[in-house]
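The values are calculated or read from the model by the stated rules, or taken from the named source; none is laboratory data. Everything numeric here is computed off the predicted structure, so don't read it as measured data. Glycine gets a Cβ as well: all are built from the backbone with ideal geometry, and neighbour counts include every protein chain shown.
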Ligand SMILES: Nc1ncnc2c1ncn2[C@@H]1O[C@H](COP(=O)(O)OP(=O)(O)OP(=O)(O)O)[C@@H](O)[C@H]1O
């Protein structure tokens, strides 16, 4: 068996076939490579039986031979392998082939430093006696023969190593080789220009020299290899020894065996059990944000066996079992991100996102531009999991976002185009409520507040902390939205048109902010219409009409790629040549070869845990807070919002007073009663005014409440907000408002009126009637919420509110006789005003006061019968309607949630 000599940075190692050698940044590995682009355990070199083999461990930045990313390769003498970057990553050169030296070598120990490999190399079949001991005296070498690649070995190299990428750029005629595409505008490919300007750093130019590149951050395609799901192969932050038969508890509290300072983790989060027989289990301790195995939540307080292949996720940390110790990886944001073959179809099969592939290394800022309707928002929804693509995958740190959404969603921040804050609140207050909702229930207020202050300082918002959001400029407001998302330290941040509506100065300010976020160790993707600050991005993705990629690469090369001087021209070309195959043009380009072909060529990731996924139940997304705690926080926040909206407060309490007063303007001799044997036709209209007033004010309070918060709701829902807690918070607060309004209206409306001497349920008829008015206000409020969850824009709510109020007037049963009118009578049963007037009518004996059948005064409305049973039925049905409305709203709210959240 031949030994292999590995050379790196002037050091050499002689590798013995009897064992495997690990390469990476791990100081305990065999070949330690101190380069940030190299993963902790990057690759292994071993004797494969017939040849030496290098195997990538799913490293973040890849292993390359002749520019091509590889998982596994048989090595040939003279072959060079780059780690971490195809061109300028640390270069390993392999040579050798001798048999083991007598007495063995100090394997894996670097040989003397500074000796050029060529001087040390041994021909493939050199006699072992010619080789010095590894680590021998300085100055000794292996015979001083320059290494000659062995022709036989060269032939063993698999096809995968074919030097495709090493070829110089294709000639300018490249685009002309696409006859199937419609011809683009005349000035389009200006290839000679491209040849000078498009080459990114480190990629061979026709002259073999690396071309200059103005972009930032790590270069290369950046896409992760299709390595094992879960965790990639980033540097373990720490190791923890697992004692057999012992328990290792993980959590935020100091008394844990493993203390994790991450607010996403509960105080006592989970326990690792290592049984004496070597098996290991993870048990969730009722954590708020959940414990995940291979991206799937384990049941609350449940236990799952884990093996070396499993990745346990707790907050920002992942753990992997390696022998008798745990490797902990802390996600500090420096992870790669890629999308592969994302395709979205809508009803009817129309493709609105077409096979989008791109990838970026850590710390990248990616700009996404494209004409209106080119699928930018669709892409954003696909990348965030809000609306997963119909095919394709999104890989975050080599983990499939769609399959592991439950865990990975916590690492994603999304800043939608509309602000996700209640504008009425002060900046600090808004962030504190958001922190309360997003952090686990056991995070103390002081801890949460400290994090809020940290984020305020990071985004230089501390001087604005006590201002109301509404008083901030557009750029500052966007900063607050970003701050909110940063609370939970996401590694990936997506922004949808953050600069829309901002002046150029603020546009730059926001883009620089995003640049800073990426530089601090996050991946930031921004969809934008503004092209002024694109040079701040590392990579630019240009979407073409039809939802395909027209370009992906450095922003400074993009205009040359299209052959235009300005983006306005490029977008005009998109518009004027809609049928042109922009995507085909991109895929035929050298930029595609450099920046996307690698990722495109990779097969979809196999999910080795698919069987486990199906077995794991439940897969419901964890909520950081209990239902009750969320409800309480939401109610407090809602009350704060209402309290800071003075005009709403004034209107809410003045309106019922006015309506009550208006009802008193109607002259009536007997008020809401009448002497025996007398009728009182005024009683009906008085009740009608009061009831419609309650209907109107109840619905008016709620009709805008859901639509105006839709974006906030969608975002919070994705972070674990309970749908029912959200709706219940609205219902409770608005019901209290409706109750106060009902009481005010009754006080003003009833005081000047004569009322019956006693009620059916209680002695005081005014209180009995006020209860009906409150029930009517509450039910109308629920109808308002239905309207609010149905409409697409706030403006439409007003029309529907008026419609609702008018219909209620008609179907009270006061204006005309409803009973004994088949069809109309049944339709009226659907109206809350019908049951409310009936409830009020039973108390005041409306059937007697206002007979509707002139021929037969005893033929009265059966719903107005003066009996306690009838009163209970009228009020009961009114309340039941409110309850039914609640379920209707719950159902409608689902439509406004991220698709992946719709349980
Ligand atoms: N649910 C849907 N059903 C049918 N067509 C849809 C649907 N959603 C989006 N589309 C269409 O898909 C295309 C892409 O829409 P998308 O909103 O992603 O574009 P965009 O680039 O974000 O546009 P803009 O810049 O105007 O926001 C548009 O033509 C849009 O009309």
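Listed values, structure above:
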item	result
Hits in the stretch 347-368 - residues which are over 21 Å from residue 601 (Cα atoms), within 14 Å of the ligand (Cβ to nearest atom) and touching a residue at least 40 places away in the same chain (Cβ under 8 Å)	351, 352, 367, 368
The stretch 317-346: number of residues that are within 16 Å of the ligand (Cβ to nearest atom) and either surrounded by 19 or more Cβ atoms within 10 Å (Cβ to Cβ) or at positive phi (or both)	3
Lone qualifier among 399, 428, 409 - being farther than 24 Å from residue 515 by Cβ, buried (at least 24 other Cβ atoms within 10 Å of the Cβ) and more than 12 Å from the ligand (Cβ to nearest atom)	399
Any chance residue 762 is closer than 16 Å to residue 691 by Cβ and either modelled with pLDDT of 95 or more or in contact with a helix residue (DSSP H, G or I) (Cβ under 9 Å, 6 or more places away or on another chain) (or both)	no
Residues that are more than 18 Å from residue 677 (Cβ to Cβ), free of Cβ contacts under 8 Å to residues at least 24 places away in the same chain and surrounded by 14 or more Cβ atoms within 10 Å (Cβ to Cβ), drawn from the stretch 829-871	865
Tally, over the stretch 524-543, of residues that are modelled with pLDDT under 90 and either on the phi > 0 side of the Ramachandran plot or under 24 Å from the mean Cα position of the chain (by Cα) (or both)	2
Residue list for the stretch 548-557, filter: touching a helix residue (DSSP H, G or I) at 6+ places or on another chain (Cβ under 8 Å) and either modelled with pLDDT under 90 or not in a strand (DSSP E or B) (or both)	555, 556, 557
Options 677, 594; residue that is modelled with pLDDT under 90 and under 30 Å from residue 375 (Cα atoms)	594
Within the stretch 639-757, helices (runs of 4 or more DSSP H) holding 1 or more residues that are touching a residue at least 60 places away in the same chain (Cβ under 8 Å) and in contact with a strand residue (DSSP E or B) (Cβ under 8 Å, 6 or more places away or on another chain)	710-718
Residue among 371, 388, 416 that is over 22 Å from residue 598 (Cβ atoms), within 16 Å of the ligand (Cβ to nearest atom) and touching a strand residue (DSSP E or B) at 6+ places or on another chain (Cβ under 6 Å)	416
Candidate set: the stretch 319-342, residues that are assigned to a strand (DSSP E or B) and touching a helix residue (DSSP H, G or I) at 6+ places or on another chain (Cβ under 9 Å); chosen: the one modelled with the lowest pLDDT	337
For residue 292: the one exception among (1) free of Cβ contacts under 8 Å to residues at least 60 places away in the same chain; (2) within 20 Å of residue 393 (Cβ to Cβ); (3) more than 16 Å from the ligand (Cβ to nearest atom)	(1)
Residue within the stretch 537-547 that is part of a helix (DSSP H, G or I) and over 30 Å from residue 429 (Cα atoms) present	no
Strands (runs of 3 or more DSSP E) within the stretch 1-120 that include 1 or more residues within 30 Å of residue 336 (Cβ to Cβ) and either out of contact with any helix residue (DSSP H, G or I) (no Cβ under 9 Å at 6 or more places or on another chain) or at pLDDT below 75 (or both)	4-8, 11-15, 21-24, 43-47, 52-56, 63-65, 80-83, 91-95
Count of residues meeting criterion [free of Cβ contacts under 8 Å to residues at least 60 places away in the same chain and either farther than 18 Å from residue 368 by Cβ or in a loop (DSSP other than H, G, I, E, B) (or both)] in the stretch 486-507	8
Hits in the stretch 618-638 (condition: outside any helix (DSSP H, G or I) and either over 24 Å from the mean Cα position of the chain (by Cα) or crowded, with 18+ Cβ neighbours inside 10 Å (or both))	621, 622, 623, 624, 625
Yes/no for residue 358 being farther than 30 Å from residue 283 by Cβ and in a strand (DSSP E or B)	yes
From 506, 511, 543, residue being surrounded by fewer than 21 Cβ atoms within 10 Å (Cβ to Cβ) and within 25 Å of residue 380 (Cβ to Cβ)	506
Per-region count, the stretch 374-385, residues within 15 Å of the ligand (Cβ to nearest atom) and farther than 21 Å from residue 600 by Cβ	3
Residue in the stretch 244-251 that is surrounded by 15 or more Cβ atoms within 10 Å (Cβ to Cβ), at pLDDT 80 or above, touching a helix residue (DSSP H, G or I) at 6+ places or on another chain (Cβ under 8 Å) and closer than 17 Å to residue 292 by Cβ present	no
Matching helices (runs of 4 or more DSSP H) fully within the stretch 370-483 where at least 2 residues are more than 16 Å from the chain's Cα centre (by Cα)	427-438, 445-458
Hits in the stretch 524-534 - residues which are within 16 Å of the ligand (Cβ to nearest atom) and assigned to a loop (DSSP other than H, G, I, E, B)	528, 529, 530, 531
Qualifying position, being within 16 Å of the ligand (Cβ to nearest atom) and under 25 Å from the mean Cα position of the chain (by Cα), among 546, 521, 516, 553	546
